[in-house]
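Trainee: Before I ask anything, here is the structure I am working with.
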Amino acid sequence: MHDRATQFGGINPHLHPIHPVPFLVVLVDEMAFITAYQPDRDLRKRAEAAIATLTSQGRSVGVCIVGALQDPRKDVISLRNLFPTRVALRLDESDQVDMVLGDGARDRGALADEISPLPLTGAGGRLRAARSLP
């Protein structure tokens, strides 16, 4: 990311799919391990610093980070607010919706706790039915 920033010289490159510099996506699965459970303290601090840098400065030079957490009840990432877009898949409890998406998200219609785990219903099946009601 820093190399790209130097290359672009502070000019936004306006990245498009045809641009010669590819858009990079950094995918971190099980973010809790590197931000909270990693036994090596120095490695944990380096990971947090890298995540903070990528989330706050990466977009302008075509670098995006996607972080996945398995349990929103555990406060395992202090950088949660640096992620501008949050997605909640099926959650177990209504309180978890606000934990993931922000205060009042469930009251505004984010019903991620109502997504069915049953394959016959399909993920989001109950949400579609609820939205179709007058």
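The values are calculated or read from the model by the stated rules, or taken from the named source; none is laboratory data. Bear in mind that the values here come from a model prediction, so they are computed numbers and not experimental data. Counting neighbours? That spans all protein chains shown, and the Cβs are built from the backbone with ideal geometry, glycine included. The protein model used for the area step is the full one, side chains on, heavy atoms only, and it has no ligands, DNA or RNA in it. Shrake-Rupley method; radii C 1.70, N 1.55, O 1.52, S 1.80 Å.
Trainee: Looking only at the range 79-101, which residues are more than 13 Å from the chain's Cα centre (by Cα) and not hydrophobic (A, V, I, L, M, F, W, C)?
Mentor: 90, 92, 93, 94, 95, 96, 98
Trainee: Oh, and also: Could you figure out which of (1) at pLDDT below 85; (2) loosely packed, with under 11 Cβ neighbours inside 10 Å isn't true of residue 41?
Mentor: Every listed condition holds for residue 41 apart from (1).
Trainee: Answer yes if at least one residue in the range 86-99 is under 30 Å from residue 21 (Cα atoms) and surrounded by 12 or more Cβ atoms within 10 Å (Cβ to Cβ), and no otherwise.
Mentor: Within the range 86-99 (the criterion being under 30 Å from residue 21 (Cα atoms) and surrounded by 12 or more Cβ atoms within 10 Å (Cβ to Cβ)), the answer is yes, since at least one residue qualifies.
Trainee: Can you give me the number of residues within the range 69-85 that are open to solvent by less than 30 Å² (accessible area, probe 1.4 Å) and among the aliphatic types (A, V, I, L, M)?
Mentor: 3
Trainee: Being modelled with pLDDT of 80 or more and over 15 Å from the mean Cα position of the chain (by Cα): is that true of residue 47 here?
Mentor: Taking the combined requirement at face value, the residue satisfies it.
Rundown of residues vs (1) open to solvent by 100 Å² or more (accessible area, probe 1.4 Å); (2) more than 20 Å from residue 5 (Cβ to Cβ), yes/no style:
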| position | (1), (2) |
| --- | --- |
| 29 | yes, yes |
| 32 | no, yes |
| 50 | no, no |
| 59 | yes, no |
| 65 | no, no |
